[in-house]
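The values are calculated or read from the model by the stated rules, or taken from the named source; none is laboratory data. Keep in mind the model is a prediction, meaning the values are calculated, not measured. Note: ideal-geometry Cβ built from the backbone for every residue, glycine included; neighbour counts use all protein chains shown.
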């Protein structure tokens, strides 16, 4: 089995990569990173370093044209600031329109064209519970997985190994797999150091705390 890992260089996708390498072997795994005009495009640089760490191929595709007219606060061109504090319990301004659906479709097409068997991505239960991102739910995963499988002639499977796990569980697994979390990037800001104030920073810090470990990233 050969696997494409949708790879942002963040905590979740890096743990996905480590698990995929354990399950399928490094020689059968590659990473697919996507540019979409995000403020924190330094995550792609982090993704490259992590891919080099594991000795796997990285492919980068630019989809930023699609979001030229979006006011999602995660985008460089947006006039809306990235919110601080925990997720509010509704769809966030950091929700990139149908990002996971788009990314999975691109990854499925890439996998099919390049003789891979499975696409893996790192959605998790916390995002569904807080309703921050509608394309992270169990229902979404089930529907998109079926669509990608059928649309690929029943050749490409989608795996979401963390869909029923929270971020603390993911960190626990990653620590067991010796994931180089010091190389990852989660913050929605594109600063030199993580802001420690946006929702994804807060979730990340809380996940390490739940595992009685210190996050190896430097914070402002």
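Figures for the structure shown
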| read-out | value |
| --- | --- |
| Residues that are out of contact with any strand residue (DSSP E or B) (no Cβ under 8 Å at 6 or more places or on another chain) and outside any loop (DSSP other than H, G, I, E, B), drawn from region 65-90 | 65, 66 |
| Selection within region 125-162 - part of a loop (DSSP other than H, G, I, E, B) and either in contact (Cβ under 8 Å) with a residue 40 or more places away in the chain or surrounded by fewer than 17 Cβ atoms within 10 Å (Cβ to Cβ) (or both) | 130, 131, 132, 133, 152, 153, 154, 155, 156, 160, 161, 162 |
| Candidates 89, 9, 37, 85 - the one that is under 25 Å from residue 217 (Cα atoms) and over 19 Å from the mean Cα position of the chain (by Cα) | 85 |
| Residue count, region 27-44 (criterion: assigned to a strand (DSSP E or B) and either in contact with a strand residue (DSSP E or B) (Cβ under 6 Å, 6 or more places away or on another chain) or under 19 Å from residue 181 (Cα atoms) (or both)) | 7 |
| Residue 47 being assigned to a loop (DSSP other than H, G, I, E, B) and either closer than 30 Å to residue 178 by Cβ or touching a helix residue (DSSP H, G or I) at 6+ places or on another chain (Cβ under 8 Å) (or both) | no |
| Which numbered condition residue 107 fails, given (1) crowded, with 20+ Cβ neighbours inside 10 Å; (2) within 25 Å of residue 59 (Cα to Cα); (3) in contact with a helix residue (DSSP H, G or I) (Cβ under 6 Å, 6 or more places away or on another chain) | (3) |
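Matching residues to (1) buried (at least 22 other Cβ atoms within 10 Å of the Cβ); (2) in a loop (DSSP other than H, G, I, E, B); (3) modelled with pLDDT of 95 or more:
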site	(1), (2), (3)
164	no, yes, no
169	no, no, yes
173	no, no, yes
179	yes, yes, yes
191	no, yes, no
202	no, no, yes
205	no, no, yes
